[in-house]
1. Under the condition of being among the polar types (S, T, N, Q) and more than 35 Å from the chain's Cα centre (by Cα), which residue from segment 50-91 is nearest to A36 (Cα to Cα)?
2. When you go through R96, R124, R148 one by one, which is the residue that is touching a residue at least 12 places away in the same chain (Cβ under 8 Å) and surrounded by 10 or more Cβ atoms within 10 Å (Cβ to Cβ)?
3. Filter segment 14-46 for residues that are over 27 Å from the mean Cα position of the chain (by Cα) and either β-branched (V, I, T) or more than 21 Å from F79 (Cβ to Cβ) (or both) and give the result.
4. Just to be sure, is T138 polar (S, T, N, Q) and at pLDDT below 85?
5. Condition (residue is in contact (Cβ under 8 Å) with a residue 60 or more places away in the chain and in contact with a helix residue (DSSP H, G or I) (Cβ under 9 Å, 6 or more places away or on another chain)) applied to segment 68-83: is it met by at least one residue?
6. Cβ contacts < 6 Å: first residue of a type in the set (K, R), restricted to segment 32-49; second residue at pLDDT below 95 and not in a helix (DSSP H, G or I), any location; separation 6+ or different chain. Result?
7. Would you confirm whether any residue within segment 45-55 is more than 29 Å from D99 (Cα to Cα), surrounded by 10 or more Cβ atoms within 10 Å (Cβ to Cβ) and in contact with a Lys or Arg (Cβ under 6 Å, 6 or more places away or on another chain)?
8. For A86, indicate whether it is surrounded by 10 or more Cβ atoms within 10 Å (Cβ to Cβ), in contact (Cβ under 8 Å) with a residue 24 or more places away in the chain and in a helix (DSSP H, G or I).
Amino acid sequence: MAERRARARLDQPREPRRLVPRIDADAFGRFSENIARFLGTGRFLAYQTITVTIWIILNLVALRLRWDPYPFILLNLVFSTQAAYAAPLILLAQNRQADRDRITIEEDRQRAQAAKADTEYLARELAALRIAIGELATRDFLRSELNRLVEDSDRRPS
């Protein structure tokens with residue numbers, strides 16, 4: 001009896017059943033960035049140019065291999081499908097880049113604030129040192145005072 005599967009308690013809500021698998025948003029974002037990066041390369045442009053050229057030549061010249069005659073409707077459908085998937089992937093990649101840029105800008109702003117605070121602190125300390133040095137008796141001032149005292153003591157009758 002103890003081996004039977006434990007029944008759910010009525011006082012606790014049951015976890016909902018997931019019919020749709022969970023998709024990791026970060027993994028999908030990385031995937032979309034990789035696709036968007038590849039779509040922006042010369043390699044992709046070369047592959048696509050070669051594929052389209054072969055497609056058109058085979059459908060114009062090879063009579064037996066024609067699968068998409070002259071108006072190239074199937075090729076148009078392939079381009080439309082590619083655009084339908086590429087545009088959202090590129091936008092998703094741009095959104096992720098904007099999020100990274102926003103974080104970088106915030107970190108830069110915090111660093112700039114810290115640097116400004118450090119600079120202001122050092123400026124205040126430097127000003128305090130200048131004031132303190134200005135109040136110290138300099139060597140020339142001490143000599144002149146000692147000379148004046150010596151002259152005063154020489155003038156007094158003993």
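The values are calculated or read from the model by the stated rules, or taken from the named source; none is laboratory data. What you are looking at is a predicted structure, and each value in this text was computed from that prediction instead of being measured. All Cβ positions, even for glycine, are placed from backbone atoms using ideal geometry, and neighbour counts span all protein chains on display.
1. Ranking the qualifying residues of segment 50-91, first place goes to T51.
2. Exactly one of R96, R124, R148 is touching a residue at least 12 places away in the same chain (Cβ under 8 Å) and surrounded by 10 or more Cβ atoms within 10 Å (Cβ to Cβ), namely R96.
3. Correct list: R14, E15, P16, R17, R18, L19, V20, P21.
4. yes
5. No - not one qualifying residue is present in segment 68-83.
6. Note: no pairs meet the criteria.
7. Checked segment 45-55: no residue is more than 29 Å from D99 (Cα to Cα), surrounded by 10 or more Cβ atoms within 10 Å (Cβ to Cβ) and in contact with a Lys or Arg (Cβ under 6 Å, 6 or more places away or on another chain).
8. When the stated conditions are applied, A86 passes them.
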